[in-house]
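Derivation of every value follows stated rules applied to the coordinates shown; laboratory data play no part. Just so it is clear, the model here is predicted, and its values are computed rather than measured. FYI the Cβ positions are ideal-geometry reconstructions off the backbone, even for glycines, and counts take in every protein chain you see.
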Amino acid sequence: MESFKYNEQNIDFLKVTGKVLEDKKHSETHVSSDGGGGYVGQHGGYVSAAQVSSTAVTKQEIWIKTDSGHEHNLQLTGYDIPLRAGHEVSVLYANSQKATDQCRTAFINHTTNKYWFLTNTDNLISNLDLDSNSSFLGIIKRLVFVFGIAMILGIVFNPSSSSWWWSLFTAWGVVIYWFSRTNTSKEKGRKDSFHTHLVRQIQQVIKEQRS
């Protein structure tokens with residue numbers, strides 16, 4: 001499968017393909033309360049009832065047997081994927097140089113010709129440790145850029161020692177403003193490209209299984 005580069009890191013994709021042996025589902029209900037209380041004084045008081053809410057979460061456990069005979073277990077929370085024993089499926093994973101574990105990205109049912117994302121782009125970037133703020137190379141590039149601008153301004157204004165510091169702080173302000181205006185749009189562009197690449201990998205897996 002085709003890898004992808006994000007913030008100077010390579011992301012590799014791999015798949016597990018096989019037939020569904022077993023599909024189990026159950027629901028867990030979580031109850032929480034908020035508020036409540038009151039007071040009672042000499043001249044009366046009040047009592048406020050607590051607000052009670054409940055949330056049902058679906059748990060799904062899928063057993064997949066690959067062509068090589070290995071059995072693969074997949075446990076999902078918050079999903080209700082329709083399956084039957086014998087359906088041919090694939091699970092797509094992503095991994096990066098800095099990540100300690102592979103991340104599930106998509107589940108494909110070749111029998112029904114449908115697929116589901118198992119995470120969103122933001123969570124995948126976080127789990128794979130791809131955040132640009134943690135990139136040492138990115139920090140070095142910014143520092144070099146700052147001092148380069150400072151030197152240019154220093155030459156232009158024929159600095160004494162005091163104007164050198166003025167140039168440095170001016171350059172730092174310019175860089176902060178520039179990054180605040182451009183970093184958001186660039187990051188969105190990288191995320192969109194990453195998502196598009198992931199969709200292409202899913203389509204490639206589907207195409208390979210059809211052939």
Within 10 Å of each residue's Cβ, count the other Cβ atoms and sort 26, 87 from fewest upward. 26, 87
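Within the set of other residues whose C-beta is less than 15 Å from the C-beta of residue 194, count the net charge using Lys and Arg as +1 and Asp and Glu as -1. Each step should come with its number before you reach the end.
Details: positive: 5, 186, 188, 190, 191, 200; negative: 2, 8, 12, 122, 129, 131, 187, 192.
Its environment carries a net charge of -2.
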Taking 29, 111 and counting other C-beta atoms within 10 Å, the order from fewest to most: 29, 111
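Can you flag which of 25/65; 24/188; 98/188; 5/25; 25/188; 24/98 are past 28 Å Cα-Cα?
Details: 25/65 18 Å; 24/188 38 Å; 98/188 21 Å; 5/25 37 Å; 25/188 36 Å; 24/98 33 Å.
Checking Cα-Cα distances, 24/188; 5/25; 25/188; 24/98 exceed 28 Å.
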